[in-house]
Structure formats: structure tokens, C-alpha cells
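See below for the structure under consideration.
The values are calculated or read from the model by the stated rules, or taken from the named source; none is laboratory data. The structure displayed is predicted, hence computed values, not measured ones. Here the Cβ positions follow ideal geometry from the backbone for every residue, glycine too, while neighbour counts run over all protein chains shown.
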Amino acid sequence: MRLNTLKIILSGLFVHLLMVPWQEAGAQKIAIATGQGKVYPQYENKIDNLVILKGITGSTELTVDLGGTTLAVEWYEYFDASSVPEWHSEPVFLSNQASLSPEDHCGYLVKLTGTVDGQAYAKTLTVFVIDYLRYQPEAIQLFPEDAASCEQLVVRLGGVLPEMRYATPALVYPIEREWMLEYESLEWQDGWADVSISKKIKVENSQFTVTDTPLKDTYFKLTGDQFTSDLGMDPFSTSSSLCPARRVVSKITTEATVRTEKHESDRPESITTLTGSAPLEIRFKANGNEPVANYYNWGIYNGETQILSRTAEEHSYTFSTAGTFVVKVRAENETCSFTDSLVVTISESAISAPNAFTPNGDEINDEFRVSYKSIIEFQGVIFNRWGNKLFEWTDIQKGWDGTYKGKAVKEGPYFYVIRAKGSDGIVYNLKGDINLLRGRH
């Protein structure tokens, strides 16, 4: 049989009692023979060394590396889980050899005495040993609970999940085993995409809680704890039956109607526009994690006043009033709901008319057009100097090209009368003269 030897190199082995500066002697860390286990120094700052072994046999040994010194070694046992009481009233002397055959769930004191560099030295170290193979899960099953909470999911464990603990010379502490949990869900990336979630969880009272609950039906898979990975062991694995999703999430996407009229400022120039000149038409879509989400309710609010309520997956709305609007959608099912929202801002109105234009065909200022934003009603009329009406229009995006009945009028002054209404309720009455200059093309 192969000899399983565990070599302990104790961190901070020598501390000068007289506080005289002293160079380190020997190795200053803990190591274990390959494949046999791992030492966790200063574990939770309560014991000097927690030793997790991958099995204990009759040939397993703990060995103190004295770093080339002649320190005397004494091993004592202060805790034994198989004894009653577990703590010895006085530590039990075991050996004065550098090596010791350990037992599972036992605590040891290692007393080191002697001289180092001519100075008296004495130190006692605590070592607690656990045989990890004795604390493996048995017949574990996962049972997701059909609880009322939408944001948390409790998963109950069946079978045996042994508790691991360690003891100082005074107290017993649980060892928190961090198990790996895996399941499938959805993630929003300008659209829903499948995502695999892997996280560490702690099991308490034979159950654990999933806070990032899945957005799709999934299986929960529980695998080994942190010690399984540290020891290079194949982890156990167990999966639940298919767990129906109940949490609802929805994301709003929008598509604005784009306008290209250059005389309009704050115009919606891209489909992602959420601010600008009225009338601003936007199509809203609720993107829920269907089929979990199966019902939608929309609301548009101006301050505390709700100005729209609709029940559909998507709809369009034209904002014709200046102000700030909150758009909300509530996605839900029989159990859970989720509300997403965004803000739409409509600018205040403005309008102005030029004092000249040059309809000469060079595509530069060829029409008399007003500059504007957030105008929702418009009427304009052009007159000549004798008061004859030459042109009338109600589409603010259009203008007068300097013709009458299909023929170009003469250069000179003409007159306009404009009546308009802004999205903020302001009424504009504009009157003025406009110079028609043809110039050279």
C-alpha cells in the first residue's frame, strides 16, 4: 500500500519571545503531499491550521517540518468527536515525534519548544483534522417549493447532507460548505437570450433559497462544494425535476416615426427618439419573458394624471402636448407581475418666418417655409400687394415656391398671414412681408 504522508509546514513557526528581530527559520507555509488533502492556514482566524484530508488510512501521517531547527515537538489531543465529552478536561499527550497518525474530526495541539539563534522559543499551534470522505452527500434530491414569492424560490433537499464542523480548544464552529448550483434562465440583450447561471449557495436546515429566480422553466443542478474542487475530486451531482418559472420581467422597446423636414428643430431623427418636437408618434412594445408573462397593461401619465390605459402587447401613441410623460407597462401572470417604465419629453413650441427667399432652382432657400418645433395646428396664406391671395397651405412641412396658378410671380415684396398652435397651447398669429428674390442660378 502506498504510504500517505501529510507534511505540515507551519506558517509563522518561530516567534521571538523577547521581541528581538529574528530571521525566519525553515519553511513558512503549510503544504500537503500531492493528492492527499489541503491545509487552510489561519482558518477564519480561529485555528492555526484546518486540515481537510482525502481519506485517512493507517499509514496517513501529519509531519511537522522543523525547518532545520532542533525544536522539541509534543502532540496533544484537545478534541475528539467520538469521545464524551468531546473536549478533554486536559489535553491528552499523544507523542513527542515529529509525525502523528491523525483521526477524523480531532483537534490537536502542537507544542514547540527549544532555542532558536540562542534565544528561548516556545509556541503552541492548533490543528484540526477532517476526513472529507466521511461527509459526502447521500441520496440527495432537490424539491423546488411552489411558494407565493416571485423573487425568491426555496429548494428543499431530501437525503443526507452531513454537517462539517471544527473545534478550537473552547468552541465548536460550523464549516460553511458552498455548493455549486446551476440552472437556465433568460437575459435581456436587446432581446431575450438563453443564459446558464452558476452560483455558490449555502444549505441551511436542508434547504436553500434562489434569489435570482429563473425566467424560464428549468432544472436545478447541485454539485460539489469548495472542498471537492480544492481536493481535485469528482463532485457529486443531483438534479431536480423540471421547475416551472413564475417570475415575470418585461422590457419596453420603442420605435418613433422619423421626420426629415430640416426646417423643424428637435424633430425625431431616429427610431430610438424619446424626446423632441410634437407631434411625436411612438410605437411601444412590451417584451415579456413569454410564455411566463401572458398579460400586459399600459399606462401613460402626465404628472399624476393618467391619460391612456391599454391592454395589448404593443401599441402606438402620438404625443401632441408639451411636457414630460411617464410610460409604464405592467406584465403579469396568475401569480407575479413586473412594471417597466420610460420617460418621453415633448419640447415647447416655437415658430418663425424668414424675410426673404430665392426660388431660382438652386435648391437653396427655394421656398418660403417657416422654422418651427412642436406645432400641432397650422394655416398660412400668401398675398400680393393688392391683397390678392396667391397661396394657402396647412401642412407646416410644406411652403410657397413663388408661383401662382403654375406661373412664376415677379420679384418683389409679398405678404404672409400665419396662424398656428403649439403643443403647449400657445397660439401664434404671425404677419409680415417676404421679399422674393430670384437672382441668378
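On the given criteria, is residue 361 of a type in the set (Gly, Ala, Ser), more than 19 Å from residue 437 (Cα to Cα) and either free of Cβ contacts under 8 Å to residues at least 12 places away in the same chain or surrounded by fewer than 19 Cβ atoms within 10 Å (Cβ to Cβ) (or both)? Explain how you work it out, then say what you get.
Details: of a type in the set (Gly, Ala, Ser): yes; more than 19 Å from residue 437 (Cα to Cα): no; either free of Cβ contacts under 8 Å to residues at least 12 places away in the same chain or surrounded by fewer than 19 Cβ atoms within 10 Å (Cβ to Cβ) (or both): yes.
Considered against the rule, which asks whether it is of a type in the set (Gly, Ala, Ser), more than 19 Å from residue 437 (Cα to Cα) and either free of Cβ contacts under 8 Å to residues at least 12 places away in the same chain or surrounded by fewer than 19 Cβ atoms within 10 Å (Cβ to Cβ) (or both), residue 361 comes out as no.
Can you pull out the residues in segment 354-402 that are within 20 Å of residue 259 (Cα to Cα) and either in the same structural domain as residue 279 (by TED's automatic domain parsing) or small (Gly, Ala, Ser) (or both)?
Within segment 354-402, 371, 374, 399 qualify.
Among (1) under 30 Å from residue 144 (Cα atoms); (2) among the charged types (D, E, K, R); (3) not assigned by TED's automatic domain parsing to the domain that holds residue 198, where does residue 230 come up short?
That leaves (3) as the condition not met.
Note down all Cβ pairs under 6 Å where the first residue falls in segment 197-226 and is closer than 15 Å to residue 144 by Cβ, the second is charged (D, E, K, R) and assigned to a strand (DSSP E or B), and they're at least six residues apart or on different chains.
Note: pairs meeting the criteria are 207/156; 218/184; 221/182.
Restricting attention to segment 267-285, which residues are within 13 Å of residue 423 (Cα to Cα) and of a type outside the set (S, T, N, Q)? Break it down stepwise before answering.
If we filter segment 267-285 for residues that are within 13 Å of residue 423 (Cα to Cα), which is where we start, we get 276-280.
Selection gives 276, 278, 279, 280.
Restrict the check to segment 386-395 and report whether at least one residue is in a loop (DSSP other than H, G, I, E, B) and within 16 Å of residue 418 (Cβ to Cβ).
Going residue by residue through segment 386-395, those that are in a loop (DSSP other than H, G, I, E, B) are 386-388, 394-395.
The next check asks that each one be within 16 Å of residue 418 (Cβ to Cβ); those that pass are 394-395.
Yes, because at least one residue in segment 386-395 is in a loop (DSSP other than H, G, I, E, B) and within 16 Å of residue 418 (Cβ to Cβ).
Among (1) under 14 Å from residue 109 (Cβ atoms); (2) in contact with a helix residue (DSSP H, G or I) (Cβ under 8 Å, 6 or more places away or on another chain), there is one condition residue 52 misses while meeting the rest; what is its number?
(1)
What number goes with the only condition from (1) in the same structural domain as residue 276 (by TED's automatic domain parsing); (2) loosely packed, with under 13 Cβ neighbours inside 10 Å; (3) more than 24 Å from residue 302 (Cβ to Cβ) that residue 324 does not pass?
(3)
Take segment 248-261 and flag every residue that is modelled with pLDDT of 95 or more and either of a type in the set (D, E, K, R) or under 20 Å from residue 150 (Cβ atoms) (or both).
248, 249, 250, 251, 252, 255
Could you please find all residues in segment 402-430 being loosely packed, with under 12 Cβ neighbours inside 10 Å and on the phi < 0 side of the Ramachandran plot?
407, 410, 427, 429
Might you let me know whether segment 129-136 holds any residue that is outside the structural domain of residue 156 (by TED's automatic domain parsing) and without any contact (Cβ under 8 Å) to a residue 24 or more places away in the chain?
Scanning segment 129-136 turns up no residue that is outside the structural domain of residue 156 (by TED's automatic domain parsing) and without any contact (Cβ under 8 Å) to a residue 24 or more places away in the chain.
Filter segment 183-237 for residues that are of a type in the set (Asp, Glu) and either more than 17 Å from the chain's Cα centre (by Cα) or surrounded by 14 or more Cβ atoms within 10 Å (Cβ to Cβ) (or both) and give the result. Break it down stepwise before answering.
Of segment 183-237, the ones of a type in the set (Asp, Glu) are 184, 187, 190, 194, 204, 212, 217, 225, 230, 234.
Of everything in segment 183-237, those that are of a type in the set (Asp, Glu) and either more than 17 Å from the chain's Cα centre (by Cα) or surrounded by 14 or more Cβ atoms within 10 Å (Cβ to Cβ) (or both) turn out to be 184, 204, 217, 225, 230, 234.
May I ask you to verify whether residue 338 is surrounded by 13 or more Cβ atoms within 10 Å (Cβ to Cβ) and not assigned by TED's automatic domain parsing to the domain that holds residue 259? Walk me through it before giving the result.
Details: surrounded by 13 or more Cβ atoms within 10 Å (Cβ to Cβ): yes; not assigned by TED's automatic domain parsing to the domain that holds residue 259: no.
The answer is no for residue 338.
What are the residues in segment 243-259 that are loosely packed, with under 14 Cβ neighbours inside 10 Å and either assigned by TED's automatic domain parsing to the domain that holds residue 183 or assigned to a strand (DSSP E or B) (or both), if any? Write out each step before concluding.
Residues of segment 243-259 loosely packed, with under 14 Cβ neighbours inside 10 Å: 244, 258.
Passing the criteria: none in range.
How do the pairs read when you match residues in segment 102-118 that are assigned to a strand (DSSP E or B) with residues anywhere that are surrounded by fewer than 17 Cβ atoms within 10 Å (Cβ to Cβ) and among the charged types (D, E, K, R), using Cβ under 7 Å and keeping only pairs 6 or more apart or on different chains?
From segment 102-118, the pairs are 111/74; 112/123.
Return the residue satisfying two criteria in turn: it lies in segment 118-166 and is more than 34 Å from the chain's Cα centre (by Cα) and basic (Lys, Arg), and of such residues it is surrounded by the most Cβ atoms within 10 Å (Cβ to Cβ).
123
Tell me yes or no: at least one residue of segment 111-118 is closer than 20 Å to residue 40 by Cβ and among the acidic types (Asp, Glu).
No, that holds for no residue.
Could you please find all residues in segment 153-176 being of a type outside the set (Gly, Ala, Ser) and assigned to a strand (DSSP E or B)? Break it down stepwise before answering.
Residues of segment 153-176 of a type outside the set (Gly, Ala, Ser): 153-157, 160-166, 168-169, 171-176.
153, 154, 155, 156, 157, 160, 165, 166, 172, 173, 174, listed by residue number.
Counting only residues that are among the charged types (D, E, K, R), outside any strand (DSSP E or B) and over 46 Å from the mean Cα position of the chain (by Cα), how many does segment 48-95 have?
The number of residues fulfilling the criteria is 1.
Within the bounds of segment 196-205, is there any residue that is farther than 30 Å from residue 37 by Cβ and touching an Asp or Glu at 6+ places or on another chain (Cβ under 8 Å)? Write out each step before concluding.
Let us first name the residues in segment 196-205 that are farther than 30 Å from residue 37 by Cβ, namely 196-197.
When the remaining residues are screened for being touching an Asp or Glu at 6+ places or on another chain (Cβ under 8 Å), the result is 196-197.
Within segment 196-205, one or more residues are farther than 30 Å from residue 37 by Cβ and touching an Asp or Glu at 6+ places or on another chain (Cβ under 8 Å).
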